[in-house]
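The values are calculated or read from the model by the stated rules, or taken from the named source; none is laboratory data. This is a predicted model, so every value here is computed, not measured. Using ideal geometry, Cβ is built from the backbone for each residue, glycine included, and neighbour counts are taken over all protein chains shown.
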Amino acid sequence: MALDLTAVNQWMSAFAADVHENADLLTDLDRQIGDADHGSNMDRGMAAVVALDPGSFDSPAAYLKKAGMTLVSTVGGASGPLYGTFLLRVAGGWPSDGDAAGLGSALRAGLDGLLQRGRAAVGDKTMIDALSPALDAYDAHAGEGIGPALTAAAEACAAGRDATIPLVAKKGRASYLGERSAGHQDPGATSMTMLIEAAARTLS
């Protein structure tokens with residue numbers, strides 16, 4: 001399929017709907033190990049993204065760039081800069097056609113941006129624990145096309161999310177809890193899974 005403006009708008013709209021529906025869950029997860037505001041912050045930010053008029057942009061990349069900047073300016077805490085950086089980097093590498101390898105490269109550019117900004121690694125109990133295995137799975141299935149690759153990515157992302165539960169946080173507010181952060185699902189990994197699952201539903 002064409003990875004056009006309509007497709008990326010549907011992706012962001014689907015993610016926004018999932019965040020809105022699960023805002024209380026995200027906030028409750030964040031209450032256990034963070035600032036208790038992840039759900040409300042992301043809901044507010046994605047509502048602002050959905051309010052953008054896709055018709056006012058001349059390319060999917062321009063729309064995603066504005067979406068990223070909108071999250072930076074409207075989402076409090078670390079989530080705004082992190083998700084904003086992700087979308088800005090994805091926008092910079094967005095393929096001009098429906099190329100599975102090109103989409104994979106764009107998503108990996110987003111991961112690289114998160115790694116640089118957040119300075120987290122796999123195992124630190126962050127969104128990286130969900131996104132990194134998701135993109136490894138995507139790359140492994142990219143030869144089958146965007147649909148199968150994103151489906152595999154979503155499944156791996158969810159598994160990575162669940163794998164954060166026993167981890168001890170090494171980054172962010174959760175790290176202040178030390179060993180007490182174990183036994184709780186990371187809210188950032190949870191919202192990142194919603195983003196990749198939304199991509200699987202809309203970009204496939």
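Out of (1) free of Cβ contacts under 8 Å to residues at least 60 places away in the same chain; (2) crowded, with 18+ Cβ neighbours inside 10 Å; (3) not in a helix (DSSP H, G or I), what's the single condition that is false for T70?
(3)
Every residue in region 96-137 that is assigned to a loop (DSSP other than H, G, I, E, B) and modelled with pLDDT of 95 or more, please.
If the condition is that a residue be assigned to a loop (DSSP other than H, G, I, E, B) and modelled with pLDDT of 95 or more, then M127 is the only one that fits.
Please tell me if V122 is within 22 Å of S40 (Cβ to Cβ) and not hydroxyl-bearing (S, T, Y).
Answer is no for this residue.
Mind listing whichever residues of region 101-128 are closer than 26 Å to R180 by Cβ and surrounded by 23 or more Cβ atoms within 10 Å (Cβ to Cβ)?
Passing the criteria: L114, K125, T126, M127, I128.
Looking only at residues in region 129-159 that are over 19 Å from L103 (Cβ atoms) and free of Cβ contacts under 8 Å to residues at least 60 places away in the same chain, which one is surrounded by the most Cβ atoms within 10 Å (Cβ to Cβ)?
A158
Which one is nearest to the chain's Cα centre (by Cα) among residues in region 1-59 that are within 22 Å of L103 (Cα to Cα) and not in a helix (DSSP H, G or I)?
Selected residue: L3.
Of the residues A140, A78, which single one is modelled with pLDDT of 95 or more and touching a helix residue (DSSP H, G or I) at 6+ places or on another chain (Cβ under 9 Å)?
Criteria check complete, one pass: A140.
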